Amino acid sequence: MIDFSLSKKDRLVKKMANDAAVKYWRPIARFYDTHEHEHDDIEEKQQIQTAQAEVGLKTMALAGELGPQPGTDLAGVLTTEEYYWGDAGLSLGASNVGLGNAAVMAVATPEQATRFAGQYMAMAITEPGAGSDSAAIQATAKLDEKTNEWVLNGEKIFVTGADRCQAVVVWASLDKTQGRAAIKSFIVEKGTVGFELTKLEDKLGIRSSDTGSFSLDDCRIPYDNILGSPEIKKKTGGFKGVMKTFDWTRPVIAIQAVGIARAAMEFTKQKLEEEGYTFPYDRPINQLSVVQKAVLDMEANLEIARLLSWRASALMNAGLRNSLEASMAKAKSGRSATLVTQKCVELLGPLGYSQQFLVEKWMRDSKITDLFEGTGQIQMLIIARTILGFGRDQLK
């Protein structure tokens, strides 16, 4: 049985992460949002990374000081929610690990994990002709038997952390005639000949996190840079290996969405209370005003999203299969965050739409959580297939 009650350590970690978000994230959130691509190596980014390191060290110290705590260790998801409550773009852009690091944790060999330890890794999946359908990837990887190197060709777009990353986990096919089973992931380090950053995007939200495109033109990498086995197994064996990455990342994206939406909801509730609104929890729904019902509904949806995220993360931490739960958490959280932040802008009227406050920014930032790592629609499709026991050919 999974116990989601917070231990003393968890509560302290949550407070420390929130303190860091208040001190480092919020004061410069608007600056980073306004100055996309114009803030490389500025002092604030170093301060943020220092804050994250301090929280991590204090977390480890607390674990040793307090000893084993009852229940699931929720320190990671609690910290992530608080960081994204502070600012999504900064938390994503200044993080010490990228989405590609999740792929390494999921399928890398011990030797690879050691060799690439400490590197910030982006993940390159999406292509101009392959978005939600990852199986449609056209990038190729061929083995040059003379040099024992992989030769990669193709184009990747919408790569999170493309500018600041040190290496990229690239998804490519060993043999397009073999379909999804031949899709593998490869580690390509920045600076490799034939691997070029071609574009940086100007985005709606998370503007302090860079997003870019790469071209691979006869890009050669060592044989040992393939994640997992190069063997193409039966129907979708290889593809299932790279898809395992999403079991790691989707619960994280889900709790990120909760953090962003919670920031908007708490600010909105505070402003409404200043105008005399109250939010009683002991009244029947027919005795509540439209505004009261809207706020209480937002709180309920975020609590559901949070618990789904915790459940998916707890299963992952226990080494159990969490594909269904990860998709459930991602679907609920991404959709809820989008609706909650939109409702906050609506309830606040001009204050919500103006850049005087961060509410409009939270609305823009939240949208990505319903898109990357698999759109909400794709998550619903995965959930339906899993519950009904249908394959791709039976439910599209």
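The values are calculated or read from the model by the stated rules, or taken from the named source; none is laboratory data. What you see is a predicted model, and the numbers here were worked out from it, not measured in a lab. All Cβ positions, glycine included, derive from the backbone under ideal geometry; neighbour counts span all protein chains shown. The protein model used for the area step is the full one, side chains on, heavy atoms only, and it has no ligands, DNA or RNA in it. Shrake-Rupley method; radii C 1.70, N 1.55, O 1.52, S 1.80 Å.
Place the peptides 219-232, 149-162, 377-390 in order of packing, highest mean first, counting for every residue the other Cβ atoms within 10 Å and averaging per peptide.
Answer by packing, highest mean first, reads 149-162, 219-232, 377-390.
Which of the peptides 5-17, 116-128, 303-315, 321-333 is most tightly packed, and how do the rest follow, going by the mean number of other Cβ atoms within 10 Å of each residue?
Averaged packing, sorted descending, gives the order 321-333, 303-315, 116-128, 5-17.
So for each of 257-268, 165-176 I average, over its residues, the number of other beta carbons within 10 Å; can you give me the resulting order with the highest mean first?
With the highest mean Cβ count within 10 Å placed first, the list reads 257-268, 165-176.
In nm, what is the difference between 0.36 nm times the number of residues separating Gln356 and Asp163 and their Cα-Cα distance?
66.5 nm
In debye, nearest 20, what is the charge dipole magnitude of the chain about its Cα centre with +1 on Lys and Arg Cβ and -1 on Asp and Glu Cβ, if you could check?
1260 debye
Residues of the chain: accessible area per residue at 1.4 Å, in Å²?
Per residue, the chain has an accessible area of 47 Å².
From the phi angles alone, apply the Karplus equation (6.51, -1.76, 1.60; θ = phi - 60°) to region 257-268 and give each ³J(HN,Hα) in whole Hz, x where the residue is Gly or Pro.
The phi angles translate into 4, 4, x, 5, 5, 5, 4, 5, 5, 5, 5, 4 Hz.
Once you place label points 7 Å from the Cα toward the Cβ at Glu111 and Val290, how far apart are they in nm?
6.6 nm
Under a point spin-label approximation (7 Å from Cα along Cα-to-Cβ), what is the Thr198-Lys176 distance to one decimal in nm?
Output for this residue pair reads 1.5 nm.
For Asp19, tell me the accessible area in Å² from a 1.4 Å probe, rounded to the nearest 10.
70 Å²
Calculate how steeply helix 8-20 sits against the longest principal axis of the alpha-carbon atoms of the chain, using the helix alpha-carbon long axis, and give the answer as 0 to 90 degrees to the nearest 10.
That works out to roughly 90 degrees.
Set the Förster radius R0 to 51 Å, insert the Cβ-Cβ distance between Glu274 and Asp217 as r into 1/(1 + (r/R0)^6), and round the FRET efficiency to 0.05.
0.30
Once every DSSP H run of n ≥ 4 in the chain is given -39500 (n - 2.57) and the sum is divided by its residues, what mean residue ellipticity at 222 nm do you get, rounded to the nearest 500 deg cm²/dmol?
-16000 deg cm²/dmol
How far is it, in nm, from the label point at Ser5 to the one at Thr34 when both lie 7 Å from their Cα along the line to the Cβ?
A separation of 4.8 nm, rounded to one decimal place.
Gap in Å between the Cα centre of region 93-164 and the Cα centre of region 351-394?
The distance from the Cα centre of region 351-394 to that of region 93-164 comes to 23 Å.
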